[in-house]
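Data block below; observations after.
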Amino acid sequence: MQIVFYRILGSGSLLRWQIMMPYRRAALLALFLCAGAALAQTGKNLALHRPAAGSTPCNEDETPAQAFNGSVSGGTGDKWCSTEDSKWLQVDLGSNARISSVILRHAGAGGESSDWNTRAFKIHVSTDGKTFTTVVTVTDNTADVSTHKFEPVTARYVQLEVITPTQDGDPAARIYEFEVYGDPVAGK
C-alpha cells in the first residue's frame, strides 16, 4: 500500500509525495511537522514596500527603503547600510496590525561575509511612532537569516535598533531585508 500527497506550489508546479506502507507513520509525522513549520511563517510580509526611515545610509543607494523591497538578490547594494553612531531602521505599516514575528536578512543573506551579520540588536514596536516598546533583544546573533517570534502585539511602527553591527568590529550595519508578520486587519 502507498499513500500519495499532492501540493500545488506557488510557482504552479505540482509536488508529489509517495509514501510506502512500512514508512507511513514516520513519513506522516515528518510531513505533519514540516507542514506545521511552513504554516507558522506563512502569511503576508506586512512591511513589504512600506515607507521606511533610518539612520543616515552608507551611500545614496543603500537607503532604508532597500530593506523593505522584497529582494536580497540585487547585489551588495540591495540593502540598508549605516555607519552612524546610532544605527536604526524603521517601517511604517500604514495602520495598526497585530504582529508576532520579524525576519531579518543580514549581510550573509545578501552574499557578503557572515562576519558582517548584525551581532546585537533590539526590535521595538509602537502604535504612534513616538513611544516604543522592546519586543526582542538579541546579543549574539551569527545567522545570515534570523527569525524572532514574540507574543502578538498591536503596532504600526516596527524599529530595529542596532547595538553591535558586526562580528568583526566593522562599523557598518547591513540589513538586506526586514520582514514583519502578523494580522494586517487587527487594530483597525
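The values are calculated or read from the model by the stated rules, or taken from the named source; none is laboratory data. Here the structure is a predicted model, which is why all the values come from computation and not from measurement. Heads up, the Cβs are rebuilt from the backbone with ideal geometry, glycines too, and the neighbour counts pull from every protein chain shown.
Scan region 112-123 for residues that are part of a strand (DSSP E or B) and surrounded by fewer than 19 Cβ atoms within 10 Å (Cβ to Cβ) and the total you get is 2. Failed condition for ILE103, given (1) in contact with a Pro (Cβ under 6 Å, 6 or more places away or on another chain); (2) within 19 Å of LYS44 (Cβ to Cβ), with all others met? Exception for ILE103: condition (1).
Scanning region 140-188 for residues that are among the charged types (D, E, K, R), over 23 Å from ASP61 (Cβ atoms) and in a loop (DSSP other than H, G, I, E, B) yields ASP140, ASP168, LYS188. Summed over region 57-85, the residues that are outside any loop (DSSP other than H, G, I, E, B), small (Gly, Ala, Ser) and surrounded by fewer than 22 Cβ atoms within 10 Å (Cβ to Cβ) give a count of 1.
If I filter region 88-100 for residues that are assigned by TED's automatic domain parsing to the domain that holds ASN69, hydroxyl-bearing (Ser, Thr, Tyr) and in a strand (DSSP E or B), do I get at least one hit? Yes, that holds for at least one residue. Of the residues examined, THR127 is not one that is out of contact with any Asp or Glu (no Cβ under 8 Å at 6 or more places or on another chain), surrounded by 18 or more Cβ atoms within 10 Å (Cβ to Cβ) and of a type in the set (Val, Ile, Thr). Looking only at residues in region 153-188 that are exposed (fewer than 15 other Cβ atoms within 10 Å of the Cβ) and either basic (Lys, Arg) or over 21 Å from GLY43 (Cα atoms) (or both), the one that is modelled with the lowest pLDDT is LYS188.
Within region 130-154, residues that are without any contact (Cβ under 8 Å) to a residue 40 or more places away in the chain and farther than 13 Å from ALA120 by Cβ sit with their Cβ atoms under 7 Å from residues that are in a strand (DSSP E or B) and aromatic (Phe, Trp, Tyr), at 6+ positions apart or across chains, in these pairs: VAL135/PHE150. Screening region 56-98 for residues that are more than 21 Å from VAL180 (Cα to Cα) and among the β-branched types (Val, Ile, Thr) and picking the one that is modelled with the lowest pLDDT gives THR76.
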